[in-house]
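Heads up, the thing below is written out as structure tokens.
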Amino acid sequence: MWRYRGAAKNASVIWGLTGRPGDPWATREQFKLTGEEVKKNSLQAMHDQLASFRANLEEFARKYRADIRRDPVFRAQFHTMCANIGVDPLASNKSLWASALGLGDYYYELGVQVVEACLASRPLNGGIMELPALLRAVTRRRGGGAEPVSEDDVVRAIKKLRVLGGGFDLVTIGGRSYVRSVPGELSTDSNRALEVAQGKGFTSVADLARATGWNAGRADDVLQALTRTGLAWVDDGAPDGVRLFWFPCLGGGLEAAG
């Protein structure tokens, strides 16, 4: 009797080690192998699908090249389609996309115009210019016969300029987009001062202190620092004798970038 039970027990152990049908160990192993196979097939299917998307997108680009270059809205939608499948038409000026669309030269030319507009306005705005104002300045420089340019185009050109250094970047002040063309970042206090002045284009020590809860010394230090960098201009000619600090960058750089 004891011998029978021992033999059964040993047999159970042997069956477990050898993967007897119905054993949970063998079932888990089978599930694991099946899962790996499914994963492998799924990845290959995704790879094939993306390759097909890229091929179709390239054909689309060739077919509608003129529309992509002529229509800023259509061009932005095309960039979105590319981004969704991991394609960067601007990655290389020698790429297939550059030859199919000519966008490499387009954004290179636009980047040069952005730099020229920013440099022309820098003595007035201290190197910060509102994005719509920059777009208007660039459009004037391009002339009436050039292809239309959108804010999306300007933003893409600026992103390409980052690799060259020189401080070109996009910054947000009070929910609005600005282009910075000088090295260095705005401090938190400086950004807050610009936000306070954004509505009127200027502020005073007292107004800034009241809006932020700072003491007068801190407000004055921030405004003086902005004046030294060229972002603020001092106006002592107010009728009430209060010193005002004007920010040309909040008024489109006085639209003097053309």
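Please treat every number below as a calculation from the coordinates, not as lab data. Computed from a predicted model, the values in this text were never measured in an experiment. Quick reminder, even Gly has a Cβ in these numbers, built from the backbone with ideal geometry, and neighbours come from all protein chains shown.
Segment 153-257 holds strands (runs of 3 or more DSSP E) entirely within its bounds, and those carrying 2 or more residues that are buried (at least 20 other Cβ atoms within 10 Å of the Cβ), in contact (Cβ under 8 Å) with a residue 12 or more places away in the chain and more than 26 Å from the chain's Cα centre (by Cα) map to 244-246. Residue pairs, Cβ under 7 Å, 6 or more apart or interchain, first in segment 65-81 and assigned to a helix (DSSP H, G or I), second among the basic types (Lys, Arg) and surrounded by 13 or more Cβ atoms within 10 Å (Cβ to Cβ). List them. As it stands, the answer is 68/75, since those pairs meet every condition given.
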